[in-house]
Amino acid sequence: MNGRVLAAGWPFAGLLALDAGRAGVSDAAPVRGLIVENDNQAGILVLESDEVTGPLTTDAATGLYGVDGYPIARGDIHVGDMVEAVQEKNAEERVTTKVRVLRLAPPPDPGTC
């Protein structure tokens, strides 16, 4: 990969985040909370917040974004990360359309390992 292309793209991470937010325009308010459980095989994150505590089911259509606004892989979301999720009601179930990491989990304390 061309390093100059990556370096040139870095200042525009904020614009990518804005564009990602516009792509999934929804009347649903985002829910913020802490990831307390992560099942990578099933694509389920468990979010704990003041508004809701429960699963965020993700699939290939769910937009996943890091703290810098760039798209990330499903495995890059970890227990302890603070996220913002947008869910829409689809028939009888809630569908997660976007998950954005707001703050990464603190690294483990080396004294406890």
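Structural remarks
- For a label point 7 Å along the Cα-to-beta-carbon line of GLU37, residues of segment 71-107 with backbone N under 15 Å: 79-80
- Extension gain (nm, one decimal) between VAL67 and VAL46, 0.36 nm per residue minus Cα-Cα: 5.7 nm
- Shape call, segment 24-99: gyration tensor on alpha carbons, a/c limit 1.5: rounded
Quick note: the coordinates plus some simple rules give every number you see, no bench work behind them. These numbers come from a predicted model, not from an experiment. Note that we place each Cβ from the backbone using ideal geometry, even for glycine, and neighbour counts take in every protein chain shown.
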